[in-house]
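The values are calculated or read from the model by the stated rules, or taken from the named source; none is laboratory data. Since the model is a prediction, treat every value here as computed from it, not as a measurement. Here the Cβ is made from the backbone with ideal geometry for all residues, glycine too, and neighbour counts use every protein chain on show. Remember, those area values only see protein heavy atoms, side chains included, never the ligands or the DNA or RNA. Shrake-Rupley method; radii C 1.70, N 1.55, O 1.52, S 1.80 Å.
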Amino acid sequence: MTAEPERAVRQALGGLTTRGRSFLAAGLAAGICSYVLGQPDLLRVGLLLAGLPLVCVLALYRTRYRVASTRRLSPSRVPAMSEARVLLRVENVSRLPTGLLMLQDRVPYVLGPRPRFVLDRVEPGGHREVAYRVRSDLRGRYPLGPLQLQLADPFGMCELTRSFTTADTLTVVPRTEPLPGVRLAGEASGYGDSGYRALALAGADDVIPRGYRYGDDLRRVHWRSTAKYGELMVRREEQPHRARCTVLLDTRRSAFHGAGPDSSFEWAVTGAASVAVHMLERGYAVRLLTDTGSCVPGPDGATAFGGSGAESSETAGLLLDALAVVDHSEASGFSAAHEVLRGGNEGLVVAFLGELDEEQAAAVARMRQRTGGAVAFVLDGREDGAWATGPLRTLREAGWTALPVRTGDQLAGLWRQADGSASPGGTGAGR
């Protein structure tokens with residue numbers, strides 16, 4: 001017998017219940033009394049008492065690896081304070097019916113109590129499905145599983161626990177709030193807002209044609225390419241320049257106070273998620289940038305910004321996944337983020353900032369030089385709000401539309417205050 005079967009047998013014997021151990025002890029006692037007293041009938045009784053739990057152990061040992069399980073999350077990405085449904089499927093892949101099955105799925109405590117289910121009997125080749133719901137007020141990535149299956153014999157002599165190896169991950173992303181459509185100060189127009197377009201082609205010699213499609217204007221036929229490829233080719237339509245937006249999230253630990261879903265840092269994370277999704281819906285190419293210089297979905301250039309159509313949906317998923325696990329940093333300034341923004345014109349920048357001193361405010365103010373428009377939501381870390389006066393003035397003098405955020409403020413209302421059409425230069429919105 002190899003080491004693995006020996007270990008399995010020891011685990012099986014360790015699964016004896018109090019009833020099974022009692023029967024085994026009584027059988028051994030009856031066997032000893034039969035030898036001492038010379039009563040062969042008592043030996044038969046002892047063998048029966050001791051043999052029953054051992055037979056139950058053997059039966060469970062031979063059948064415990066013949067049950068399969070699967071888990072399905074719906075959905076696998078859920079906003080905070082919303083529920084997700086978990087469906088468990090247990091299938092009997094043996095030729096014998098199972099006995100009593102007890103299921104327990106491992107769930108982090110923040111998602112609720114561990115779900116437990118009892119299945120009476122599963123026929124050969126049959127299956128059972130059970131479901132439960134999980135909910136978290138805190139964003140993050142939470143493992144679900146592995147599933148623990150407890151097998152019991154009909155006599156209650158032995159119980160064996162089997163842990164499956166598969167596990168799944170539930171991603172709890174920040175909640176997003178619907179925002180009104182406003183015109184932010186200094187923002188460039190995307191193809192969802194105006195007719196700001198440029199020809200994708202520099203001249204007649206640089207034409208990149210495409211195949212003719214039913215309904216194309218015949219005046220756009222490119223005859224030179226048609227002769228070259230042997231099929232009707234047309235000039236491509238004008239392509240829009242897609243406006244860019246960078247969402248800057250301050251994650252410095254020293255800039256925020258409190259903890260939990262109602263803390264100022266969680267408000268900033270929720271605001272960053274809401275703005276990112278809102279700007280993607282407006283047709284912007286959006287990326288997320290933190291004070292540490294990390295970018296999602298990419299570090300620079302075209303790869304840093306989301307595409308259009310299906311790519312925008314994928315970008316939204318990447319941004320929300322990143323915000324689901326973003327945590328405090330130990331950084332003290334914004335030099336890393338400033339280096340990223342120095343690469344060129346970054347379009348619109350929307351920043352969610354924590355508590356600032358004058359030096360940090362000056363570093364953020366310098367970012368305005370590389371942006372087409374800049375809006376900052378500065379969280380007020382103190383009740384009196386006196387600290388915000390100087391940093392807000394520094395940001396506004398540099399051209400930022402800077403608005404203080406206090407406990408209980410709604411992002412939608414602040415977003416309306418950032419409307420650039422209400423105040424020239426973007427400095428009056430915060431007055």
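I need the full set of residues from region 151-201 which are part of a loop (DSSP other than H, G, I, E, B), at pLDDT below 85 and over 29 Å from GLY372 (Cβ atoms), in order please.
Correct list: ASP153, PRO154, PHE155, GLY156.
The residue list VAL130, VAL90, VAL107, VAL86 contains one member that is closer than 19 Å to THR166 by Cβ, open to solvent by less than 40 Å² (accessible area, probe 1.4 Å), touching a strand residue (DSSP E or B) at 6+ places or on another chain (Cβ under 7 Å) and part of a loop (DSSP other than H, G, I, E, B), which is VAL107.
Only one of the numbered conditions (1) in contact (Cβ under 8 Å) with a residue 60 or more places away in the chain; (2) surrounded by fewer than 19 Cβ atoms within 10 Å (Cβ to Cβ) is violated by ALA362, and that is (1). Selection of region 143-178 for residues being of a type outside the set (A, V, I, L, M, F, W, C), open to solvent by less than 20 Å² (accessible area, probe 1.4 Å) and under 21 Å from the mean Cα position of the chain (by Cα) yields GLY145, THR171, PRO174.
Counting only residues that are more than 26 Å from VAL172 (Cα to Cα) and open to solvent by 30 Å² or more (accessible area, probe 1.4 Å), region 61-83 holds 6 of them. Looking across region 27-47, the residues that are at pLDDT 90 or above and surrounded by fewer than 16 Cβ atoms within 10 Å (Cβ to Cβ) come down to LEU28, ALA29, ILE32, CYS33, LEU47.
Scan region 205-229 for residues that are open to solvent by 80 Å² or more (accessible area, probe 1.4 Å) and at pLDDT below 75 and jot them down.
ASP205, ASP206, ILE208, ARG213, TYR214, listed by residue number.
If you filter region 293-325 down to residues that are open to solvent by 30 Å² or more (accessible area, probe 1.4 Å) and assigned to a loop (DSSP other than H, G, I, E, B), you find that the one that is modelled with the highest pLDDT is SER294.
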